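Okay, structure first, notes after.
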Amino acid sequence: MSFTLPELPYAKDALAPHISKETLEVHHGKHHNAYVVKMNELIANTAFATHSLEDIIHATAGKKEHQALFNNAAQVWNHTFYWHSMKPQGGGAPTGAIAERIAQDFGSYEAFVEQFKAAGVGQFGSGWAWLVLNGEKLEITKTSNAETPLTEGKIPLLTMDVWEHAYYIDFQNRRPDYIGVFLNQLVNWDFANENLVNARKAQAA
């Protein structure tokens, strides 16, 4: 079995002017695709060839002999999750269950925004900022490079890519500006709500 590059959930120009078509052509068409291609090379003729993406990530996490495979598999998963964490005409304060949980666990949406921004800005070098469900509580966490909360027993609800290739064409070195636009114009709270519902169902099963 080989993996294919997942399609974007919107047209390449659908996030403009906040994230440009050029950025998505490079980020999705080149960076994300390169991870898929390399992962397929690494799993060819191995036992991993029959595994799901999530199983590959869990089986290779923390194992030096499989570091390259983990890096590429986790980046395939992280990027796919990231595309769905944004939508055209997104952004702003959430509604529904995720809004209630944010108010409960962070005190207010404004407090969540400050903590999420701090995680994104504070991630030194390449990485990710996440909103996750850890047990019964929402948390903000950050990971470096290809690391993912999946390997920590946490359930991702939303992510923001802070690798430079996510924002450099549109924002140059202004990561805080990109983070502000992500929250105000792009974040897909419908996706976070869906992930929260699915997480609750899994916990109750």
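Scanning segment 176-205 for residues that are part of a helix (DSSP H, G or I) and of a type in the set (Gly, Ala, Ser) turns up GLY180, ALA192, ALA199, ALA202, ALA204.
Residues checked against (1) closer than 18 Å to GLY127 by Cβ; (2) within 16 Å of the chain's Cα centre (by Cα); (3) modelled with pLDDT of 95 or more; (4) surrounded by fewer than 20 Cβ atoms within 10 Å (Cβ to Cβ):
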{"position": "ALA14", "(1), (2), (3), (4)": "no, no, yes, yes"}
{"position": "HIS28", "(1), (2), (3), (4)": "no, yes, yes, yes"}
{"position": "GLU41", "(1), (2), (3), (4)": "no, no, yes, yes"}
{"position": "GLU54", "(1), (2), (3), (4)": "no, yes, yes, yes"}
{"position": "ILE57", "(1), (2), (3), (4)": "yes, yes, yes, no"}
{"position": "HIS79", "(1), (2), (3), (4)": "yes, yes, yes, no"}
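Within segment 153-170, restricting attention to residues that are more than 15 Å from the chain's Cα centre (by Cα) and on the phi < 0 side of the Ramachandran plot, which residue is surrounded by the most Cβ atoms within 10 Å (Cβ to Cβ)? So, considering only residues that are more than 15 Å from the chain's Cα centre (by Cα) and on the phi < 0 side of the Ramachandran plot, the one surrounded by the most Cβ atoms within 10 Å (Cβ to Cβ) is ASP170.
Against the condition outside the structural domain of ASN188 (by TED's automatic domain parsing), more than 26 Å from ALA16 (Cα to Cα) and of a type in the set (A, V, I, L, M), how does ALA61 come out, does it pass? For ALA61, the condition - outside the structural domain of ASN188 (by TED's automatic domain parsing), more than 26 Å from ALA16 (Cα to Cα) and of a type in the set (A, V, I, L, M) - is met. Against the conditions (1) assigned to a loop (DSSP other than H, G, I, E, B); (2) in contact (Cβ under 8 Å) with a residue 12 or more places away in the chain; (3) on the phi < 0 side of the Ramachandran plot, ASN173 satisfies every one except (2).
Residues in segment 118-141 that are closer than 15 Å to VAL162 by Cβ, within 15 Å of the chain's Cα centre (by Cα) and not in a loop (DSSP other than H, G, I, E, B): ALA119, GLY120, GLY127, TRP128, ALA129, TRP130, LEU131, ILE140, THR141.
Is it the case, given these coordinates, that ILE102 is among the aliphatic types (A, V, I, L, M), out of contact with any Lys or Arg (no Cβ under 6 Å at 6 or more places or on another chain), at pLDDT 95 or above and outside the structural domain of GLU152 (by TED's automatic domain parsing)?
So ILE102 fails the test.
Scanning segment 120-140 for residues that are surrounded by fewer than 16 Cβ atoms within 10 Å (Cβ to Cβ) and more than 15 Å from ARG200 (Cα to Cα) returns VAL121, GLY122, PHE124, GLY125, SER126.
Rundown of residues vs (1) under 21 Å from GLU147 (Cβ atoms); (2) in a helix (DSSP H, G or I), yes/no style:
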{"site": "HIS27", "(1), (2)": "yes, yes"}
{"site": "HIS32", "(1), (2)": "yes, yes"}
{"site": "LYS38", "(1), (2)": "yes, yes"}
{"site": "PRO94", "(1), (2)": "no, no"}
{"site": "ALA103", "(1), (2)": "no, yes"}
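The lone criterion from (1) outside the structural domain of GLN75 (by TED's automatic domain parsing); (2) more than 25 Å from HIS66 (Cβ to Cβ) left unmet by SER2 is number (2).
Table: residues versus (1) of a type in the set (A, V, I, L, M, F, W, C); (2) out of contact with any Asp or Glu (no Cβ under 7 Å at 6 or more places or on another chain).
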| position | (1), (2) |
| --- | --- |
| ALA99 | yes, yes |
| PHE112 | yes, yes |
| LEU138 | yes, no |
| THR143 | no, yes |
| THR151 | no, yes |
| PRO156 | no, yes |
| TYR167 | no, yes |
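The number of residues in segment 142-162 that are without any contact (Cβ under 8 Å) to a residue 40 or more places away in the chain, out of contact with any Gly (no Cβ under 7 Å at 6 or more places or on another chain) and not in a helix (DSSP H, G or I) comes to 2.
The values are calculated or read from the model by the stated rules, or taken from the named source; none is laboratory data. Keep in mind that this is a model prediction, so the values were computed, not measured. Glycine gets a Cβ as well: all are built from the backbone with ideal geometry, and neighbour counts include every protein chain shown.
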